[in-house]
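I have placed the structure first, in the form of structure tokens, so that the comments after it can refer back to it.
The values are calculated or read from the model by the stated rules, or taken from the named source; none is laboratory data. Keep in mind that what you see is a predicted model, and the values were worked out from it rather than measured. Cβ coordinates were reconstructed from backbone atoms using ideal geometry, including for glycine residues, and neighbour counts include every protein chain displayed. When the accessible area is computed, the model is the full protein with side chains, heavy atoms only, and any ligands, DNA or RNA have been set aside. Shrake-Rupley method; radii C 1.70, N 1.55, O 1.52, S 1.80 Å.
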Amino acid sequence: MIPTLSTIRSSLTDKNLLAVTDKVLSGHRISNEDGNYLYAHGEIGFLGALANFIREQKHGNKTYFNKNFHVEPTNLCVYSCTFCSYSRLIKQRHEGWEYTHDQIMDIVKSYDGKDVTEVHIVGGVLPQYDLDFYVRLFKAIKSHRPNLHLKALTPVEYHYIFKKAKVSYSDGMKIILESGVDSMPGGGAEIFDEQIREQIAGGKCSSDQWLEIHRIWHDLGKKSNATMLYGHVEQYQHRIDHLDRLRKLQDETGGFQTFIPLKFRNKDNQMSHLAEVSIIEDFRNYAVSRIYLDNFDHIKSYWPMLGRHNAQLSLAFGVDDIDGTIDDTTKIYSMAGSEEQNPAMSLNQLIKLIRDVNRIPIERDSIYNEIKVYDEQNYTILPEINTYKALPVVS
Ligand code: V47
Ligand code: SF4
């Protein structure tokens, strides 16, 4: 039997961990000092119990996923982030791809009639992918398939295209809203500490600019996600600083839906000499993020980055969302050395993954409305072939 948090509390002797546990049990926010202490001294089972307590208070056993695909217009980029295995500098153009408007539309159209609810568009930064290009593209996608949720571009691209077009962030984001973008993904955040950011992602939008663009988007009434790239040269204090800046903005706007920690993968990039952190460190990071970010509804583990079985285990460390079916449409992580060389999961595989750890799979839309609940009443296991058989589903 898994011990309850109260049982764990009664065996604690560390007064700082006791104080944090009491805050969590009474629904109070932890401080930055608490967060740093948890990272440094929290034993992994204890962190899991704390994070799971919060996760189950917020969502019970529900575990969310959606049906999505990605479009990456190009992997050429004017920037040269040291962690990026994906970008090919313009001088290595022969190794990259640059999709035209029509090629991107062909990818979107290849999903016509397929059961997907979201397209996630993000890629490298290049001069020809400017504000006009994206506005035309977004309008074309929305006019072709109005109900497909368009989650597109990060402040890295927005900063670049607005500067080039000489429009303010505020005017630019209004143009983007009018072109049909529904939400903003969480990429480009990396690590907010200015010195580390300069070291690993020099030249692209600053931390303040990243936060400002999200703030403007939230003020327009729209939602976005936030990420943190961890496990490279940063220290725990930098992670807490990152979480602190996100928590403060969320207090003001409430516009973030999901926090997505992204583990640095070290294949074929300028930081390949760094070892990747262990899976225990990944779970520690999910747990501390869940405990610290009391004002974020969801914590997502992105299975193409972490590997599907580790993502499954992360559901015991505060995670309640494992992204979507993805359909082998992203190259960012396979090129960086993830176990998932062709990231695609069928609906059945996703459901089985979640059900096998006794959670309830919930298909959601992009703003977390529940579309289908795959619980015992709606889905049964056929043990002889170890797969699932769908029963008629109630919404
Ligand atoms: O900003 C790039 C990261 C991000 C590597 O909002 C790397 O739902 C690890 O933000 N090792 C882009 N990480 C992807 C992203 C994302 C993914 C899934 C869902 C959502 C969402 C957002 O990928 C970049 C960067 O932080 N990244 N290279 C690497 N070698
Ligand atoms: Fe370009 Fe993004 Fe890669 Fe940085 S992480 S080099 S901005 S594609």
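Structure values in brief
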item	result
Proximal aspartates and glutamates relative to Lys151, as straight alpha-carbon distance under 15 Å, when same-chain residues fewer than 8 apart are discounted	Glu72, Glu118, Glu178, Asp182, Asp323, Asp365
Relative contact order %, region 88-180, counting alpha carbon pairs below 8 Å whose residues are six or more apart	31
Antiparallel bridge percentage (DSSP; both residues within region 62-390; nearest 5)	20
Alpha carbon centroid spacing (whole Å) that separates region 214-292 from region 51-68	18
Nearest-20 debye value, the chain charge dipole, Cβ charges on Lys, Arg, Asp, Glu	340
Helix-only mean residue ellipticity at 222 nm for the chain, each DSSP H run of n ≥ 4 adding -39500 (n - 2.57), per residue, nearest 500	-12000 deg cm²/dmol
Environment charge of Asp320, counting only residues whose C-beta is closer than 13 Å and scoring Lys/Arg +1, Asp/Glu -1	+2
Mean shadow area of the chain, taken as a quarter of the surface of its Cα convex hull (nm²)	19.8
Residue-by-residue Karplus 3J(HN,Hα) for region 177-183, coefficients 6.51, -1.76, 1.60, Hz, glycine and proline x	4, 5, 6, x, 5, 9, 8
Per-residue ³J(HN,Hα) for region 373-378, Karplus 6.51 cos²θ - 1.76 cosθ + 1.60, θ = phi - 60°, Hz, x for Gly and Pro	10, 9, 9, 4, 6, 9
Relative contact order %, the chain, counting alpha carbon pairs below 8 Å whose residues are six or more apart	20
Percent RCO, i.e. relative contact order, over region 212-328, from Cα pairs under 8 Å lying at least 6 residues apart	25
Area of Tyr236 that stays accessible when all protein chains are in place (1.4 Å probe, Å², to 10)	70
Protein accessible area in the chain, 1.4 Å probe - carbon and sulfur %	51
Fully extended contour minus Cα-Cα distance, from Asn358 to Thr82, at 0.36 nm per residue	95.4 nm
Gaussian network model of the chain, springs between alpha carbon atoms under 10 Å - residue of Glu98, Glu252, Glu157 with greatest fluctuation	Glu252
Listed residue pairs exceeding 22 Å between alpha carbons, taken from Lys222/Lys248; Lys164/Lys263; Lys62/Lys300; Lys23/Lys58; Lys109/Lys139	Lys164/Lys263
Rounded to the nearest 10 Å², the accessible area of Lys114 at probe 1.4 Å	100
Net charge of neighbours whose Cβ lies under 14 Å from the Cβ of Leu243, counting Lys and Arg as +1 and Asp and Glu as -1	-2
Contour minus Cα-Cα distance for Glu252 and His273 (0.36 nm per residue)	3.6 nm
Rounded accessible area per residue of the chain, 1.4 Å, Å²	41
